[in-house]
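The values are calculated or read from the model by the stated rules, or taken from the named source; none is laboratory data. Given the structure is predicted, the values throughout are model-derived calculations rather than measurements. Cβ sites come from the backbone with ideal geometry, for glycine too, and all protein chains shown count toward neighbours.
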Amino acid sequence: MNRRRNKGRPVNGILLLDKPHGITSNQALQKVKRLFRARKAGHTGNLDPMASGVLPICLGEATKMSAFLLDADKGYRGTIKLGVRTSSADAEGEVIERCPVPELREEQIREVLARFTGDIRQIPPMHSALKHQGQPLYKLARQGVEVERKPRSVTIYRLELLGFADDEIEVEILCSKGTYVRTLAEEIGAALGSCAHLGGLVRTSAGPFELERSVTMERLEREAAQGLEALDGLLLPIESALADRPAVTLPRETAHYFCKGQPVFVPRVSAEGWVRIYGGEGRFLGVGTVQEDGRVAPKRLLSASPS
């Protein structure tokens, strides 16, 4: 008779990881999952191996909130390296073109950056996780295959110059989901009369989460050596993924029907769209949307008794 394999413990919460250079987001996720001995975990937005920074990892019931972080705006600090174009548009690719770098003035750089602020269209790079007929584009790219990609609309909310010297420009970016900073670096280089690639990238924010609050892998390993209780102390509450959404508290009887999946009427609700829902004793119940008739409809509910 086979014994049922131990699939981990039901730990719930969000680990705000500062992903290090040199590993994939999935490698970081699997390491976190092993350290926490978690039954269920998922990350909330891929970061390339060359990039570091904010990678929220949802454990247990928090995975129900991961879609909100996937859709959230992201912040980055990046270095654009002029004069060299690479196969992957970043520092990890092979050099495929070298171009002269003109003498640049600060006003000129700021004027070019302003052109890329707002709603823009991007063609996703071949070295990306998007799929073509079920195959990730980056795998096709490694085989030397290039396929047509349709332009996508993204929004650059902020694109600021932090500094520049010789052939490098450092920028700060706040953008919508789906933005390829590598593609942005190439296009900025071309607009400046040269070619370029993304020399370095740090994700500084993801939705409500900032890099300053994140935990390094080194610290995670130190806490793991102290035991699971120390590790669990690093977790943020599930509802922190929605810290920028209004909160609505339901009376006990109303909360009962809400948790059964029924829209409920909440007097004097002034919020619109997605809201955090709380029940008795401040327990987080999940996420709902405020309808036109004033009722709040459940959309993502936590288990009745999350562990």
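Pairs linking a residue in the range 110-127 that is in the same structural domain as R85 (by TED's automatic domain parsing) to a residue that is among the basic types (K, R) and at pLDDT below 95, with Cβ atoms under 6 Å and 6 or more positions apart or on different chains, are Q122/R152; I123/R149; P124/R149; P125/R182. In the range 82-114, which residue that is acidic (D, E) and either under 30 Å from the mean Cα position of the chain (by Cα) or assigned to a helix (DSSP H, G or I) (or both) is surrounded by the most Cβ atoms within 10 Å (Cβ to Cβ)? Among them, the one singled out is D90.
Flag set for E212, criterion: surrounded by fewer than 18 Cβ atoms within 10 Å (Cβ to Cβ), of a type in the set (D, E, K, R), modelled with pLDDT of 95 or more and in a helix (DSSP H, G or I). Highlighted here are the strands (runs of 3 or more DSSP E) found entirely within the range 219-307 that include at least 1 residues which are modelled with pLDDT under 95 and either in the same structural domain as M65 (by TED's automatic domain parsing) or more than 26 Å from the chain's Cα centre (by Cα) (or both): 247-249, 295-301.
The residues on offer are A297, A243, A255, and the sole one that is among the aliphatic types (A, V, I, L, M) and closer than 30 Å to E212 by Cα is A243. On the given criteria, is L228 touching a Gly at 6+ places or on another chain (Cβ under 9 Å), surrounded by fewer than 19 Cβ atoms within 10 Å (Cβ to Cβ) and closer than 27 Å to A38 by Cα? In short, no.
Within the range 42-51, the presence of at least one residue that is modelled with pLDDT under 95, closer than 22 Å to A185 by Cα, of a type in the set (D, E, K, R) and outside any helix (DSSP H, G or I) is confirmed. Of the residues examined, G288 is not one that is within 24 Å of T44 (Cα to Cα) and surrounded by fewer than 13 Cβ atoms within 10 Å (Cβ to Cβ).
Taken over the range 29-53, the residue count meeting the criterion of being over 22 Å from S88 (Cα atoms) and touching a residue at least 40 places away in the same chain (Cβ under 8 Å) is 6.
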